[in-house]
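Read the structure below first, then the notes.
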Amino acid sequence: MTGKLVRHVFAELQRAQDLLKDSEEQFRLLFTTMHEGVALREILLDDSGSAVDYRYIDVNPSYEAMSGYSREQLVGRRLSEIVGIEQVELHEEYVDVALTGVPRRFERHYASKKWFESIVYSPKKYQFASIAIDITERKHSEERQRQVEDHLRYVGLHDQLTGLYNRSFFAAEIERLEGSSQYPISIIAADANGLKLINDTLGHGAQPRVKTTTLQ
């Protein structure tokens, strides 16, 4: 090789190393500043090939905050060394990803009363990387929305004073039963007289009790 060619080759190698270094630095910056908790772990197998433990390879600051453990307490250590052998719980999703290489996505509720969505993939055989997203507030919002919808549904089908089913429920049931094969069906219509007299003598609070007693 001529001197000019050698210099060209070395220049290209240096350029490739610089690009790799820049890429690694960008990845490390993203890894350390992202809000999602990221952990890279390695599944450990026993003599029969069954997964029994895992070892932490790396974690980012967000994972430290989510787990309550520092990077120094996790990296290089087995789960059993951190929580105790009797507390080791290997989630099926983690083991499956590490052994098959097929990514998984799932949600889980923890004892801390927090919800996390996890995206798990395997960068290499027996390893799994998890990205944990705190979705606690979203879950609470969904629960509040569900409670509002349940309340509105209840109010729409019940009398507010007695808690008994109202005409809207009756109409909906009639429509549902028209196409039903659940026969025979009995519908009992009753009229409670003297409600005005009850209101005048016993007060308006007595009327709902009379209606409830009559229907019982």
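From the list F31, F27, pick out the single residue that is under 27 Å from the mean Cα position of the chain (by Cα), modelled with pLDDT under 75, in the same structural domain as A98 (by TED's automatic domain parsing) and under 30 Å from V95 (Cβ atoms).
So the residue among F31, F27 that is under 27 Å from the mean Cα position of the chain (by Cα), modelled with pLDDT under 75, in the same structural domain as A98 (by TED's automatic domain parsing) and under 30 Å from V95 (Cβ atoms) is F31.
Keeping to the range 59-73, report how many residues are in a helix (DSSP H, G or I) and among the hydroxyl-bearing types (S, T, Y). Steps first, please.
So the first thing to find is which residues in the range 59-73 are in a helix (DSSP H, G or I), and the list is 61-67, 71-73.
Subsequent filtering for residues that are among the hydroxyl-bearing types (S, T, Y) retains 62-63, 67.
Count: 3.
Which residue pairs have Cβ atoms under 6 Å apart, sit 6 or more places apart or on different chains, and have a first residue in the range 134-160 that is farther than 18 Å from S118 by Cα and a second that is part of a helix (DSSP H, G or I) and at pLDDT below 90?
G156/S168; L157/S168; L157/F169
I'm trying to understand the selection: among the residues of the range 26-53, which are surrounded by 17 or more Cβ atoms within 10 Å (Cβ to Cβ) and touching a residue at least 60 places away in the same chain (Cβ under 8 Å)?
Across the range 26-53, the qualifying residues are E36, G37, V38, A39, L40, R41, I43.
Quick check, is Y54 part of a helix (DSSP H, G or I) and either aromatic (F, W, Y) or on the phi > 0 side of the Ramachandran plot (or both)?
No: the conditions fail for Y54.
What are the pairs with Cβ atoms under 8 angstrom where one residue, in the range 74-100, is more than 23 Å from N60 (Cβ to Cβ) and the other, located anywhere, is basic (K, R)? Sequence gap at least six, or different chains.
D96/R104
Taking the range 54-73 only, how many residues are among the β-branched types (V, I, T) and either exposed (fewer than 15 other Cβ atoms within 10 Å of the Cβ) or free of Cβ contacts under 8 Å to residues at least 40 places away in the same chain (or both)?
Counting residues in the range 54-73 that are among the β-branched types (V, I, T) and either exposed (fewer than 15 other Cβ atoms within 10 Å of the Cβ) or free of Cβ contacts under 8 Å to residues at least 40 places away in the same chain (or both) gives 1.
The values are calculated or read from the model by the stated rules, or taken from the named source; none is laboratory data. Everything quoted here is computed from the prediction, not taken from an experiment. Positions of Cβ are generated from backbone atoms using ideal geometry, with glycine treated the same way; all protein chains shown enter the neighbour counts.
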